[in-house]
1. For the stretch 28-91, what does the alpha-carbon gyration tensor say about shape, rounded, prolate or oblate, given a ≥ b ≥ c as the root eigenvalues, a/c under 1.5 as rounded, and a/b over b/c as prolate?
2. What pairs from Lys213/Lys245; Lys122/Lys154; Lys100/Lys154; Lys122/Lys145 go past 21 Å between their alpha carbons?
3. Sticking with the crude label model, points 7 Å out along Cα→Cβ, report the distance from Glu115 to Ala95 in nm, one decimal please.
4. Determine, for His90, His47, the number of other Cβ atoms within 10 Å of each Cβ, and report the residues in order from fewest to most.
5. Can you tell me, using C-alpha contacts under 8 Å and at least 6 residues apart, the relative contact order of the chain as a whole percent?
6. Can you tell me, using C-alpha contacts under 8 Å and at least 6 residues apart, the relative contact order of the stretch 175-258 as a whole percent?
7. Rounded to whole Hz and in sequence order, give me ³J(HN,Hα) for the stretch 228-236 from the Karplus expression 6.51 cos²θ - 1.76 cosθ + 1.60, θ = phi - 60°, writing x for Gly and Pro.
8. Starting at the first residue of the stretch 118-124, write each ³J(HN,Hα) from the Karplus equation 6.51 cos²θ - 1.76 cosθ + 1.60 with θ = phi - 60°, in whole Hz, x for Gly and Pro.
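Since every read-out is calculated from the coordinates, none of them should be taken as a lab result. As the structure is a computational prediction, the values presented were derived from the model and not from experiment. Note that each Cβ is placed from the backbone with ideal geometry, even for glycine, and that neighbours are counted across all protein chains shown.
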Amino acid sequence: MQRSKLSELWLTKIKNYLSSVNKWDKNAAVNLYEREVLNKTYSNEEHLQVLIYAFLTSQCPWERVVPHLGEIDEIFYNYNFDIIKKHDYHEFLDAIKAIKCGNRQLPAQMRALHENISVLEKIINDFGSIDNFIVSDNPNNTVKKLIDWRSPYKIKQLGEALSREYLRGVGIDNVKPDLHLRRFLGNGRMGESKEEIASVQEVLDQVEKLHEKTGYKRVEIDSIIWKYCSNGNGEICTALPHCVKCVVRDQCKYNKKR
């Protein structure tokens with residue numbers, strides 16, 4: 001019987017390759033470890049911090065944001081809800097632009113800041129804390145509550161990908177279905193999708209199969225694939241893939257089509 005491509009073999013090969021070129025992130029699942037093993041809980045301020053970090057990664061490489069995290073924390077008054085609400089959104093918008101951490105969505109994100117804090121305060125009122133809300137349901141349902149306009153807990157400017165980025169940042173094991181993963185798990189590369197670019201749901205389903213089959217955490221699977229594909233990291237399975245260097249090319253449909 002032919003083994004499915006959804007096996008631990010190619011995941012491990014890619015992870016080992018990334019380690020060999022010093023591109024594997026050993027802290028990929030550190031937030032999950034802290035929550036599940038060390039029983040860490042996140043304060044309301046930490047949730048707002050991670051949420052704003054997620055906003056800033058919209059169409060902006062995380063590596064560009066990282067050197068400025070301390071400055072960002074200061075700009076947002078260490079995420080004190082009451083202090084932030086006393087300041088006009090232009091102050092935050094201009095300060096983020098000044099440190100070159102902006103993105104196309106930043107003006108809208110900052111305009112929604114006060115309203116989003118009000119939503120977070122409603123969550124705190126209804127659940128006791130944002131952390132209680134986050135762990136009160138499975139990640140997929142939590143995402144729906146955060147992004148559905150009919151939900152009382154809808155966060156403006158937060159879509160599927162950024163909501164999952166936020167959940168990962170507070171130690172919830174899930175995957176961010178960005179373009180790298182959607183392309184990699186499409187039917188033209190390593191995936192079992194119906195399309196060349198896998199749908200968000202197809203990515204979630206395939207990662208779930210990998211998780212169940214291999215024991216890798218979802219966030220680790222996400223990181224392995226993303227690192228292998230993204231610029232500044234593995235840079236192997238990019239938009240125009242570097243098949244000669246690929247350690248799983250024998251299993252890849254793209255290589256067989258050439």
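1. Oblate is the answer for the stretch 28-91, as a/c is 1.5 or above yet b/c matches or exceeds a/b.
2. The answer is Lys213/Lys245; Lys100/Lys154.
3. 2.2
4. Final ranking by Cβ density, sparse to dense: His90, His47.
5. Relative contact order here is 23 percent.
6. It comes to 25 percent, rounded to a whole number.
7. 5, 9, 7, 5, x, 10, x, 6, 9
8. Those phi angles translate into 4, 5, 4, 5, 5, 4, 4 Hz.
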